[in-house]
Amino acid sequence: MILEQYLHKTDVEIDLTSGRLKGQTVSLQKRSIADLKNVFADEQARLAMPQESLAYEVQLYLPVPEGIEGGLFFGNTTIYPIKIGNEYMMTKGHFHAKADRNEYYLGIKGEGYLLLMNEKRECWVEQMKQGSLHFIGANLAHRVINTGSDPLTFLASWPSDAGHNYEAIQQHGFSVRIIEQDGQPFIVKV
Ligand SMILES: [Fe+2]
C-alpha cells in the first residue's frame with residue numbers, strides 16, 4: 001500500500017507566525033467595545049470609545065459538540081492594543097462552568113499577562129510572550145491583558161465540557177486590575 005491511501009487531511013492548519021487558524025470548520029467570534037460593559041473600572045471612558053471598534057476576536061475549532069465529556073477544543077485569541085481609561089484591553093475573563101476543567105494557553109505574538117485568580121480571590125500573573133506556555137489548573141478564573149503596543153495573540157486548548165462561567169467575574173470582577181502608570185504596567189488591588 002502506498003502511504004497516500006491512508007492519508008487523511010487534517011481539518012485545520014495554523015500559521016505559527018500569525019497564530020491564524022485556517023480551515024473550513026473554523027468559526028470566528030468578535031468582541032467589540034460595546035460587548036465589554038462593566039469590564040473596565042472607567043465605564044464612562046468605555047462608553048466614550050467607538051462602540052463598534054473590535055476589542056478582541058477568537059477563532060474556534062470545535063471538532064466535537066459543546067458539552068461532550070472527553071473532547072477537546074482549540075482556538076486562538078487576538079487582543080487589540082486599545083486603552084480604556086488607564087486600563088489595557090483585556091478579555092472578560094471566566095471560570096469554567098465545570099470549575100475543575102483545565103486549559104492550556106500558548107503565547108504566539110505580542111506582550112501581556114495572564115491573570116489568574118483562585119476561589120479565595122487570590123491573584124497572580126504570568127507573563128505572556130512568544131512561546132510562553134501557560135497551564136491553567138482547576139478552579140482558576142483567567143483573563144488576558146494586552147500591555148504591549150501591538151496585538152497580542154495566543155493559542156488555547158480546553159475540554160469540550162468545560163463551559164464558561166462569566167457571571168462570577170461580571171458580578172465580582174478580579175481582586176486586582178492592571179493599569180498603566182507612567183507608561184508601565186502596575187497591579188492595583190480593587
Ligand atoms: Fe477558559
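Among the residues examined, residue 56 does not qualify as open to solvent by 30 Å² or more (accessible area, probe 1.4 Å), within 14 Å of the chain's Cα centre (by Cα), closer than 18 Å to residue 136 by Cβ and not charged (D, E, K, R).
Screening residue 55 against (1) farther than 29 Å from residue 160 by Cβ; (2) assigned to a strand (DSSP E or B) leaves a single unmet condition, (1). Checking every residue in segment 143-151 against the condition of being acidic (Asp, Glu) and closer than 27 Å to residue 64 by Cα gives zero matches. Could you pull out the residue among 87, 111, 119 that is of a type in the set (Asp, Glu), open to solvent by 40 Å² or more (accessible area, probe 1.4 Å) and within 27 Å of residue 53 (Cβ to Cβ)? From the options 87, 111, 119, the qualifying one is 111.
A quick yes/no check of all residues on (1) more than 28 Å from residue 183 (Cβ to Cβ); (2) assigned to a loop (DSSP other than H, G, I, E, B); (3) out of contact with any Lys or Arg (no Cβ under 9 Å at 6 or more places or on another chain); (4) open to solvent by 80 Å² or more (accessible area, probe 1.4 Å):
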residue: 28; (1), (2), (3), (4): yes, no, yes, yes
residue: 31; (1), (2), (3), (4): no, no, no, no
residue: 39; (1), (2), (3), (4): no, yes, no, no
residue: 68; (1), (2), (3), (4): yes, yes, yes, no
residue: 75; (1), (2), (3), (4): yes, no, yes, no
residue: 81; (1), (2), (3), (4): no, yes, yes, no
residue: 98; (1), (2), (3), (4): yes, yes, yes, yes
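Looking across segment 100-129, the residues that are more than 15 Å from the ligand (Cβ to nearest atom), assigned to a strand (DSSP E or B) and farther than 20 Å from residue 184 by Cα come down to 107, 108. Of the residues making up segment 148-190, those that are away from the ligand (no atom under 13 Å from the Cβ), among the polar types (S, T, N, Q) and part of a loop (DSSP other than H, G, I, E, B) are 149, 175.
The values are calculated or read from the model by the stated rules, or taken from the named source; none is laboratory data. Remember, predicted model here, so these are calculated numbers, not experimental data. Glycine also receives a Cβ, built like all others from the backbone with ideal geometry; neighbour counts cover every protein chain displayed. SASA here: full protein model, heavy atoms, side chains in, ligands and nucleic acids out. Shrake-Rupley method; radii C 1.70, N 1.55, O 1.52, S 1.80 Å.
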